[in-house]
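Peer 1: There's a structure below that I have some questions on.
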Amino acid sequence: MTGASGTVGGQVLDLLARRPEHEVVALVRPATRWAAPPGVVVAPADYADPASLRAALGGVDTLVFVSSDGHAATVMLHHVNVVRAVTDAGVGHVVALSGLDVDVESPFCYAVTNGHTEELLAASGCAVSVARASVYTEFFLRLVTGARTGSELRLPAGDGRVSLVSRADVGRCLAALALAGPTSGHHDLTGPEALDGPAIAAAVSSAQGGQAVRYVEVDPADYAAALARAGETSWWAHAYGTMLESIRHQRWRAVSDEVERLTGAPPLSVDDVLARKALSRPAG
Ligand SMILES: NC(=O)c1ccc[n+]([C@@H]2O[C@H](COP(=O)([O-])OP(=O)(O)OC[C@H]3O[C@@H](n4cnc5c(N)ncnc54)[C@H](OP(=O)(O)O)[C@@H]3O)[C@@H](O)[C@H]2O)c1
């Protein structure tokens, strides 16, 4: 699997490493300092280095392909390299992490990369199972923290609703898809409901013992200026801004039962994730 040293990939790896009937190979950048779980083979590979990908994928039956991150053009190049290496190495099945919004006409910068990557995979001749994840709850809550000014949650989300899904559920679904074999389809991975700005503010408020948090819709340009003042890079300000624009367009509101269907357990709600965060915080 790719992205094995990351948050989602690490969770998939832990689940797969518990299955002794499978040999699990973690593709990890050579310079990354990271301890593999017992029994996992480590293969050095960089998305930017096609030869390393080809070598690492030799003899692999199923690839769990965790999407790359960063500038969209670089991500696309990385994904082209991975799909070429999959074809060259004769990988039988790819479980690909994609996104709920894969419309290349979307304003969201990664809708284009995910959409084109899915097209490349479909044309590769390899069996493909696509996991289209909604926005990660933990990621969105970090944006929410950055957008808080006192009791106000200031985001340009309009009345858009988003079916936030936890990274843990995405990891469990990727592992389930790898173990199940090719499904030749896509799976929308979402949380149990789609929330709008006021509902997200209410969830944060209740996790803080009722301390009032109120959603305030702000102009996209004002949000971009606030990110710049906070020291955000132009790329990430663009990425967050286009994601919120696609939320305003209601591109992330679909809710599915795929998490429960694939894993046998219902998806975590935003309240569940906030409660887990509170529990994992050191006391005092
Ligand atoms: N749906 C959402 O809300 C959302 C939000 C954020 C991201 N995403 C997508 O979901 C993916 C997984 O999320 P995550 O939270 O697990 O991300 P993460 O913790 O940042 O993990 C990213 C993984 O990609 C690896 N990677 C980065 N550049 C690489 C390269 N050039 N060659 C090989 N490996 C490379 C990293 O390896 P190193 O340890 O070497 O850096 C790491 O293992 C992200 O990569 C991104 O595509 C989705």
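The values are calculated or read from the model by the stated rules, or taken from the named source; none is laboratory data. Every value quoted in this text rests on a predicted model; they were computed, and no experiment measured them. Reconstructed Cβ throughout: ideal geometry from the backbone, glycine too, with neighbour counts over all protein chains shown.
Peer 1: Filter segment 1-41 down to the residues that are among the acidic types (Asp, Glu) and either touching a strand residue (DSSP E or B) at 6+ places or on another chain (Cβ under 7 Å) or part of a loop (DSSP other than H, G, I, E, B) (or both), then identify the one that is nearest to the ligand (Cβ to nearest atom).
Peer 2: Per the criteria, the residue is Glu23.
Peer 1: What is the residue count in segment 230-284 for residues that are out of contact with any helix residue (DSSP H, G or I) (no Cβ under 9 Å at 6 or more places or on another chain), modelled with pLDDT under 95 and either assigned to a helix (DSSP H, G or I) or of a type in the set (Lys, Arg) (or both)?
Peer 2: Residues in segment 230-284 being out of contact with any helix residue (DSSP H, G or I) (no Cβ under 9 Å at 6 or more places or on another chain), modelled with pLDDT under 95 and either assigned to a helix (DSSP H, G or I) or of a type in the set (Lys, Arg) (or both): 3 in total.
Peer 1: Being surrounded by 16 or more Cβ atoms within 10 Å (Cβ to Cβ) and over 16 Å from His79 (Cβ atoms) is the filter here, so list the residues in segment 9-28 that pass it.
Peer 2: Residues of segment 9-28 that are surrounded by 16 or more Cβ atoms within 10 Å (Cβ to Cβ), as a first pass: 9-13, 15-17, 24-28.
Across segment 9-28, the qualifying residues are Gly10, Gln11, Val12, Leu13, Leu15, Leu16, Ala17, Val24, Val25, Ala26, Val28.
Peer 1: Something else about it: Suppose we filter segment 60-107 for residues that are acidic (Asp, Glu) and either free of Cβ contacts under 8 Å to residues at least 12 places away in the same chain or within 14 Å of the ligand (Cβ to nearest atom) (or both); how many remain? Outline the logic, then answer.
Peer 2: Start the filter on segment 60-107 by keeping residues that are acidic (Asp, Glu), which leaves 61, 69, 88, 101, 103, 105.
Now restrict to residues that are either free of Cβ contacts under 8 Å to residues at least 12 places away in the same chain or within 14 Å of the ligand (Cβ to nearest atom) (or both): 69, 101, 105.
Total satisfying the criteria: 3.
Peer 1: Any residue in segment 1-30 that's without any contact (Cβ under 8 Å) to a residue 24 or more places away in the chain: show its pairings with residues that are polar (S, T, N, Q) and part of a helix (DSSP H, G or I) at Cβ separation under 9 Å, as long as the two are six or more apart or on different chains.
Peer 2: Here the result reads Pro30/Ser52, each pair linking segment 1-30 to a residue that is polar (S, T, N, Q) and part of a helix (DSSP H, G or I).
Peer 1: Would you check if there is a residue in segment 46-53 being outside any loop (DSSP other than H, G, I, E, B) and surrounded by 22 or more Cβ atoms within 10 Å (Cβ to Cβ)? Talk me through it step by step, then tell me what you get.
Peer 2: Let us first name the residues in segment 46-53 that are outside any loop (DSSP other than H, G, I, E, B), namely 50-53.
From what is left, the residues that are surrounded by 22 or more Cβ atoms within 10 Å (Cβ to Cβ) are 53.
Yes.
Here's the yes/no breakdown for (1) away from the ligand (no atom under 11 Å from the Cβ); (2) in contact with a Pro (Cβ under 7 Å, 6 or more places away or on another chain):
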position: Phe140; (1), (2): no, no
position: Pro156; (1), (2): yes, yes
position: Arg161; (1), (2): yes, no
position: Ala180; (1), (2): yes, no
position: Gly185; (1), (2): yes, no
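Peer 1: Next question, about the same structure. Here are some conditions: (1) assigned to a loop (DSSP other than H, G, I, E, B); (2) away from the ligand (no atom under 16 Å from the Cβ); (3) under 21 Å from Ser269 (Cβ atoms); (4) not β-branched (Val, Ile, Thr). Gly191 meets all but one. Which one does it not meet?
Peer 2: The single condition Gly191 does not satisfy is (2).
Peer 1: To continue, here is another question. In segment 234-246, is there at least one residue being within 16 Å of the ligand (Cβ to nearest atom) and free of Cβ contacts under 8 Å to residues at least 40 places away in the same chain? Working first, answer last.
Peer 2: Step one: of segment 234-246, the residues within 16 Å of the ligand (Cβ to nearest atom) are 235-246.
Still in the running and free of Cβ contacts under 8 Å to residues at least 40 places away in the same chain: 236-237.
Yes, segment 234-246 has at least one match.
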